[in-house]
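The values are calculated or read from the model by the stated rules, or taken from the named source; none is laboratory data. Remember, predicted model here, so these are calculated numbers, not experimental data. FYI the Cβ positions are ideal-geometry reconstructions off the backbone, even for glycines, and counts take in every protein chain you see.
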Amino acid sequence: MKKRKVELVVISDVHLGTFGCSAQNLLNYLKTIKPKTLILNGDIIDIWQFNKRYFPKSHLKVVQHIMQLITSGTKVYYITGNHDEMLRKFKGFRMGSFEIVNKLVLDLDGAKTWFFHGDVFDVTMKHSKWLAKLGGIGYDLLIVINTFVNWLSCQFGFGKISLSKKIKNSVKSAVKFINDFESVAADMAIYNDYDTVVCGHIHQPEIKTIKNKEGIAVNYLNSGDWIENLTALEYHKKTWKLYEYSKDPAALNEEAQRAKKGKASLKAEHKNHDQLFAELLQEFNLTK
């Protein structure tokens, strides 16, 4: 399959290591593109809820694929988020074309573009981390329940529904939080003289122009997540685009081809964790 060339791709809020993570869908997407630069904008690995007993092969394969992109020359920036905040200790770490940062500024065809995860604006994160972690566990549980509900819904011929989306869109405080987050991010970008600000964190994919009280405008973008929305941001030929997995025929074809193989052939294709880890070491020439 011919891969689609993209100058820059932004993904965030993958939450590898949790039940809600759509790792296989993300892998399907990554297999269809050839990015020059990949920005991992926080919460890629969910260290808060990490459990060594739950890290499926599909999650490990996402890590492996990103490693392959790095070794093949793709510039990869890992911007730290709140769920992978432990990595902030390694800010500035570089290895080949891979780099860990807390924030990033790039000049994209003359547009000064600011990338960061967004948890810095979250009051809950600043003052009540235990409450934020509890909310993360509750959200993960809701996703598990939602998966079961969707299975039942499909059995009866109905479409999939998102419980958390319905809750977020119906609870006024949640809607206000999203609006406030976007406004604060835009105000900070304008104050610091950026043309575009790119965030994650709130699981709300968006591309829009926001003006402050003085009428000064900035481009606000949010890459969404790989729990429910299955979205990313793509920058190519001076244009930003919101990528949606559900509307991508190439990724859906990858999914269909995988389904056709059936369980028997997939078992033969699967490798155990030791084999996959050995391949990761080989990618970095760390084997003897």
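Return the residues of region 234-246 that are modelled with pLDDT of 95 or more and not β-branched (V, I, T); say none if nothing qualifies.
The answer is E234, Y235, H236, K237, K238, W240, K241, L242, Y243, E244, Y245.
Need at least 2 residues that are charged (D, E, K, R) per element, so show me which strands (runs of 3 or more DSSP E) inside region 192-236 make the cut, counting only ones lying wholly within it.
Ranges flagged: 206-211.
Taking into account only those residues within region 39-61 that are in contact with a His (Cβ under 7 Å, 6 or more places away or on another chain) and in a loop (DSSP other than H, G, I, E, B), which is surrounded by the fewest Cβ atoms within 10 Å (Cβ to Cβ)?
I47
Kindly establish whether N102 is within 17 Å of the chain's Cα centre (by Cα) and without any contact (Cβ under 8 Å) to a residue 40 or more places away in the chain.
Yes.
Restricting to region 17-38, count the residues that are outside any helix (DSSP H, G or I) and touching a His at 6+ places or on another chain (Cβ under 8 Å).
Of the residues in region 17-38, 3 are outside any helix (DSSP H, G or I) and touching a His at 6+ places or on another chain (Cβ under 8 Å).
Take the residues of region 150-182 that are buried (at least 16 other Cβ atoms within 10 Å of the Cβ), in a helix (DSSP H, G or I) and not charged (D, E, K, R): which is modelled with the highest pLDDT?
Residue satisfying both the conditions and the ranking: F181.
Can you work out which of the residues in region 7-38 that are among the β-branched types (V, I, T) and either buried (at least 23 other Cβ atoms within 10 Å of the Cβ) or within 22 Å of I100 (Cβ to Cβ) (or both) is modelled with the lowest pLDDT?
T18
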